Amino acid sequence: MYSLNTNKNQYMQVSEDLEVYKIITTLPIDYKDNDLDQDTQKDFDHLHQLITMYGKILFFSKPRRSTYKGKQVYEVTFGVEQKNLFELGSNPVGVLENRLNNIVLFSDTICTQGVNTNIWITKF
């Protein structure tokens, strides 16, 4: 992955290996200038912290609202520089699914498996 350095008007290499992941969740998460007074912001911060403890995160987008399977959801995209960082067996996001499952947030409990799933993680 390369990033444009506008001061020097040249590209610099950020990472040789870039892997991009997307989280879609029905849990209300938000980000506004790192103001942790609201529970939605605290939940986003906790989710971010749980993921960043596994390695260097190159970027992490702000939550975006959209519709998924007819439900109001929030989408977050992030990238890492390590190959297969979250792979568990044949599941490319198995580590995250296992680690995040049943984590209690302010709004609800994260559920990555079963009929009450409220967070879906995919690798691009």
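The values are calculated or read from the model by the stated rules, or taken from the named source; none is laboratory data. Computed from a prediction, not measured in an experiment: that's the story for all the values here. As a convention, Cβ positions derive from the backbone with ideal geometry for all residues, glycine included, and neighbour counts pool all protein chains shown.
Listed by first and then second residue, the pairs with beta-carbon distance under 7 Å, at least 6 apart or on different chains, first residue in the range 108-124 and under 17 Å from Pro92 (Cβ atoms) and modelled with pLDDT of 95 or more, second polar (S, T, N, Q) and surrounded by fewer than 17 Cβ atoms within 10 Å (Cβ to Cβ), are Thr112/Asn101. Only one entry in Leu50, Leu58, Leu36 is modelled with pLDDT under 95 and part of a loop (DSSP other than H, G, I, E, B), namely Leu36. Put simply, of Leu100, Leu85 the only residue that is crowded, with 18+ Cβ neighbours inside 10 Å, among the aliphatic types (A, V, I, L, M) and without any contact (Cβ under 8 Å) to a residue 60 or more places away in the chain is Leu100. If the condition is being in contact with an Asp or Glu (Cβ under 8 Å, 6 or more places away or on another chain) and farther than 19 Å from Glu19 by Cβ, then the range 95-124 contributes Leu105, Phe106, Ser107, Gln113, Asn118.
Per-residue answers, yes or no, for (1) at positive phi; (2) touching a residue at least 12 places away in the same chain (Cβ under 8 Å); (3) under 12 Å from the mean Cα position of the chain (by Cα):
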position	(1), (2), (3)
Tyr31	no, yes, no
Asp35	no, no, no
Lys71	no, yes, no
Thr77	no, yes, yes
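For the range 69-122, filtering for residues that are farther than 22 Å from Pro28 by Cα, in a strand (DSSP E or B) and of a type in the set (Val, Ile, Thr) leaves 1.
Take Glu87 and tell me if it is within 15 Å of Asn118 (Cβ to Cβ) and modelled with pLDDT of 95 or more. No: the conditions fail for Glu87. Scanning the range 62-94 for residues that are within 14 Å of Leu18 (Cβ to Cβ) and of a type outside the set (Phe, Trp, Tyr) yields Thr77, Gly79, Val80, Glu81, Gln82, Lys83, Asn84, Leu85.
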